[in-house]
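The values are calculated or read from the model by the stated rules, or taken from the named source; none is laboratory data. Bear in mind that the values here come from a model prediction, so they are computed numbers and not experimental data. Here the Cβ positions follow ideal geometry from the backbone for every residue, glycine too, while neighbour counts run over all protein chains shown.
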Amino acid sequence: MQTVSTRAELGKALTALKSGEKTLALVPTMGALHEGHLTLVRQARRLADRVAVSIFVNPMQFGANEDLSAYPRQLAQDSRLLREAGADLLWAPTVAEMYPDGFATTVTVPGLDRVLCGMHRPGHFDGVATVVLKLFNQVRPDVALFGEKDWQQLTIIRRMARDLDLASPHVDAIIGVPTVREADGMALSSRNRYLSPEERARAATLNRAMRAAIGAILGGEAVGCALDALRRAIMAAGFQRIDYAELRTADTLDDIVEWKGQPARLLVAAHIGKARLIDNMAVEPAMALVPEAAAAV
Ligand code: PAF
């Protein structure tokens, strides 16, 4: 696996990688890789001849009071993991390489960026959309893979690709990969490392309570009642604050007050200890099962 950190090196590496009409997949990341990222890389291997991974902790998507300086950076370990997972190229630009002096353009996907995480992290999705469009233009992949754990991010990136008629990748080649979970249902995240062992044990309630809410909604309970019970369960587990716990349409992220069987996503963001955890799940029967049973399906 080759590692490059300048646009000039990237250009040369891409020419070599794509020669002979080889197809290329891109997995954009911010590093601090875990099994969720490596699943994306392995899936990318199945979808394209060559796999590029970017690692860039993007300052533009962090708010003033967020964890930019504390965000874990471990390039040597990440690059070893990527090599083992079969990546061909690691694109790890510096901030100056990504945002040279005079950089001024911002990509906004209005509407989708104002709800859920967008309400609590103003400007976050502008930073995400801008850097992802830059990464797409820099690497020009045939396919790009993102974790479904960041459902709103995936939705916004797909909308951007559709609205701007992107060709590399085309909107249909932006692939969402299901969230990788621990045995107790907890979604893998680079931010889970901010939790103490005791907070980590309590945090598992988040996903358990989400499964219960999905079961209740599927069983005909009113959405408002199911969401109230979900919020109570999360707070009872010792979370300090809930940013949101909502049922939304899967593609347009519209609020759902009455569920009538349409594709829907239950999305939650809540704070415990030093971590802000997010999770989301489809309203489907398999999701209502306890994690152990779901894994066996
Ligand atoms: O999901 C992430 O890790 C980041 O938001 C992304 C897509 C790499 C953009 O910085």
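Before moving on, here are some points about what is shown:
- Members of segment 111-145 found to be among the basic types (Lys, Arg) and over 22 Å from HIS170 (Cβ atoms), listed by number: ARG114, ARG121
- Every test in (1) in contact with a strand residue (DSSP E or B) (Cβ under 9 Å, 6 or more places away or on another chain); (2) in a helix (DSSP H, G or I); (3) over 23 Å from ILE156 (Cβ atoms) is passed by ARG191 save one, and that test is (3).
- Pairs where the first residue, in segment 179-196, is within 14 Å of the ligand (Cβ to nearest atom) and the second is modelled with pLDDT of 95 or more and of a type in the set (S, T, N, Q), C-beta under 7 Å, 6+ apart: VAL180/THR39; ALA187/THR179; ALA187/ASN207
- Of the residues making up segment 108-145, those that are touching a helix residue (DSSP H, G or I) at 6+ places or on another chain (Cβ under 6 Å), aliphatic (A, V, I, L, M), under 21 Å from ARG162 (Cα atoms) and away from the ligand (no atom under 12 Å from the Cβ) are VAL109, LEU112, VAL143.
- Criterion: touching a strand residue (DSSP E or B) at 6+ places or on another chain (Cβ under 7 Å), at pLDDT 95 or above, within 28 Å of ARG158 (Cα to Cα) and in a helix (DSSP H, G or I) - qualifying residue of LEU277, LEU227: LEU227
- Which listed residue, of ARG140, ARG181, is modelled with pLDDT of 95 or more and on the phi > 0 side of the Ramachandran plot: ARG140
- Contact map, segment 121-135: first residue buried (at least 24 other Cβ atoms within 10 Å of the Cβ), second residue of a type in the set (A, V, I, L, M) and part of a helix (DSSP H, G or I), Cβ cut-off under 8 Å, separation 6 or more or different chains; pairs are PHE125/ILE156; VAL128/ILE156; VAL128/ILE157; ALA129/ILE156; ALA129/ILE157; ALA129/MET160; VAL132/ILE157; VAL132/MET160.
- Matching residues, segment 65-88, being under 21 Å from the mean Cα position of the chain (by Cα) and among the hydrophobic types (A, V, I, L, M, F, W, C): LEU68, ALA70, LEU75, LEU81, LEU82, ALA85, ALA87
- Filter pass, ILE256 being surrounded by 15 or more Cβ atoms within 10 Å (Cβ to Cβ), under 23 Å from the mean Cα position of the chain (by Cα), within 23 Å of ILE156 (Cβ to Cβ) and free of Cβ contacts under 8 Å to residues at least 40 places away in the same chain: yes
- Close contacts from segment 17-42, counting a first residue that is touching a residue at least 24 places away in the same chain (Cβ under 8 Å) and a second that is within 10 Å of the ligand (Cβ to nearest atom) and among the charged types (D, E, K, R), with Cβ to Cβ under 7 Å and a gap of 6+ residues or different chains, come to GLY36/LYS149.
- Some residue of segment 201-220 being in contact (Cβ under 8 Å) with a residue 40 or more places away in the chain, more than 24 Å from LEU277 (Cα to Cα), buried (at least 21 other Cβ atoms within 10 Å of the Cβ) and not β-branched (Val, Ile, Thr): no
- For SER79, the stated conditions hold: it is of a type in the set (S, T, N, Q) and surrounded by 16 or more Cβ atoms within 10 Å (Cβ to Cβ).
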